[in-house]
Amino acid sequence: MIEETLLDAMEKMAKACDHVQAQFLGVRTGRANASLVERIPVEYYGATVPLQQLATFQVPEARMLIVKPHDRGSIAAIEKAIQSSDLGVSPGNDGVVIRLSFPMLTEERRKEYVKVVKNMAEDGRIALRNVRRDARKVLETSEKDGEISKDDLERAEKELDKLTQEHVEQVEKAFSRKEQELLEV
C-alpha cells in the first residue's frame with residue numbers, strides 16, 4: 001500500500017517536472033527553436049490542430065526558423081495562426097515555406113520572460129506540493145483504517161517529503177538554466 005502510493009506520487013511528480021520543462025521550451029530566448037511554434041493552434045479545414053501536425057521545421061541559422069507545410073493549401077492558415085500568437089514575429093512566405101525571423105531581445109523583454117518563467121516554475125512547485133498533499137491524505141486514511149501502523153506512516157511521509165524535495169530541486173535547476181539562457185546576450 002505504501003509503496004504503491006509512493007510510486008504513484010513519484011510518477012505524478014515526474015510528469016509535473018516534465019510539464020514545467022516543456023513549458024520552459026516554449027519561452028523565447030532570442031534563438032530560433034521549433035518548440036516555440038509547434039504547439040500553436042491552427043484552424044485547418046474546420047478543425048483546430050497544433051502546427052507540428054501540419055508542418056516540419058528547420059533552423060538554418062540562429063535567428064531564422066523555416067516552417068514547411070505538408071500541404072501548400074495550409075500556408076495561409078498557418079501564417080494567420082503565427083501572426084495571432086504572442087511570438088512577436090511576422091511570418092513571410094514564398095508559396096512553399098514560411099520564414100520566421102526572430103529579432104534580438106531587448107533587456108526589458110528578457111526580464112519579462114524571466115518573470116514568466118519564474119511563474120511557470122512556481123506553478124510546477126505548487127503542482128508538486130499538491131501531489132504530496134494528495135499522497136499524504138491516502139497514507140493518513142490507510143493509517144486510520146488500520147492498514148498501516150503509525151511508524152510506517154511516519155517513514156512513508158519522510159520518504160514522500162524527500163521525493164518532493166528532489167523534484168522541487170529539479171524544477172529549480174531547470175529554472176536557473178532557463179534564466180541564464182534568457183539573460184545571456
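Order of 149-157, 128-136 by packing, highest average Cβ count within 10 Å first? Walk me through the numbers before you get to the answer.
Values: 149-157: 14.1, 128-136: 18.1.
Averaged packing, sorted descending, gives the order 128-136, 149-157.
Less than 17 Å from a label point 7 Å out along the Cα-to-Cβ axis of GLN165: which backbone N atoms in the stretch 1-31 qualify, by residue?
Output list for this probe position: 10.
Given points 7 Å out from each Cα along the Cα-Cβ axis, report the GLU61 to LEU25 separation in nanometres with one decimal.
2.6
With unit charges on the beta carbon (Lys/Arg positive, Asp/Glu negative), name the residue among ALA135, VAL168, PHE24 whose Cα is farthest towards the positive pole of the charge dipole of the chain.
After comparing all options, I get PHE24.
Pull out a ≥ b ≥ c, the square roots of the eigenvalues of the alpha-carbon gyration tensor of the stretch 77-138, then state rounded if a/c is under 1.5, prolate if not and a/b is larger than b/c, and oblate in the remaining case. Can you show the working numbers first?
Working: a/c = 5.28, a/b = 2.13, b/c = 2.48.
Verdict is oblate for the stretch 77-138.
Among LYS173, LYS144, LYS115, which one shows the biggest mean-square fluctuation in a GNM of the chain, springs joining Cα atoms closer than 10 Å?
LYS144
Taking a ≥ b ≥ c as the square roots of the eigenvalues of the Cα gyration tensor of the stretch 1-61, is the shape rounded (a/c under 1.5), prolate (a/b larger than b/c) or oblate?
On the way: a/c = 3.91, a/b = 1.86, b/c = 2.10.
In terms of gyration-tensor shape, oblate.
Would you look at the GNM of the chain, springs on alpha carbons closer than 10 Å, and say which of ILE148, ILE98, ILE66 moves the most?
Result for the chain, Cα springs under 10 Å: ILE148 fluctuates most.
Once you charge only the Cβ atoms, +1 for Lys and Arg and -1 for Asp and Glu, what is the size of the charge dipole of the stretch 12-149 about its Cα centre, to the nearest 20 debye?
Details: 22 positive and 18 negative charges, 72 e Å.
Computed about the Cα centre, the dipole is about 340 debye.
Quote the FRET efficiency, to the nearest 0.05, computed for ASP86 versus SER176 with a Förster distance R0 of 35 Å and r equal to the Cβ-Cβ distance. List each step's numbers first, then the result.
Working: r = 24 Å, r/R0 = 0.69.
Efficiency computed from Cβ-Cβ geometry: 0.90.
For the pairs LYS118/LYS162; LYS80/LYS118; LYS115/LYS173; LYS118/LYS178; LYS12/LYS150; LYS15/LYS162, note any where the Cα-Cα span goes beyond 20 Å.
Values: LYS118/LYS162 23 Å; LYS80/LYS118 30 Å; LYS115/LYS173 16 Å; LYS118/LYS178 10 Å; LYS12/LYS150 25 Å; LYS15/LYS162 17 Å.
From the list (LYS118/LYS162; LYS80/LYS118; LYS115/LYS173; LYS118/LYS178; LYS12/LYS150; LYS15/LYS162), the Cα-Cα distance tops 20 Å for LYS118/LYS162; LYS80/LYS118; LYS12/LYS150.
Taking the Cα atoms of the chain, what is the range of coordinates along each of the three principal axes, in descending order and whole Å?
Over the chain, Cα extents along the principal axes are 70, 40, 23 Å.
Rank these for me by crowding, MET120, MET10, MET104, going from fewest to most other beta carbons within 10 Å. It would help to have the intermediate numbers written out before the result.
On the way: MET120 21, MET10 18, MET104 9.
Ranking MET120, MET10, MET104 by Cβ neighbours within 10 Å, fewest first, gives MET104, MET10, MET120.
So, how do all the Cα-to-Cα distances of the stretch 34-101 break down into 5 Å bins, in percent, from 0 on up?
For the stretch 34-101, the binned pair fractions read 3, 19, 34, 29, 12, 2, 0 percent.
In what order do VAL117, VAL168, VAL37 fall by count of nearby beta-carbon atoms within 10 Å, going from fewest to most?
Numbers: VAL117 21, VAL168 18, VAL37 26.
By the 10 Å Cβ count, ascending, the order reads VAL168, VAL117, VAL37.
Using a Förster distance of 35 angstrom, determine the FRET efficiency expected from the C-beta separation of ARG72 and GLU11, and round it to 0.05.
Numbers: r = 43 Å, r/R0 = 1.22.
So, using R0 = 35 Å, E works out to roughly 0.25.
FYI, it's all coordinate maths here, none of it is from the lab. All values derive from a computational prediction rather than experimental measurement. Positions of Cβ are generated from backbone atoms using ideal geometry, with glycine treated the same way; all protein chains shown enter the neighbour counts.
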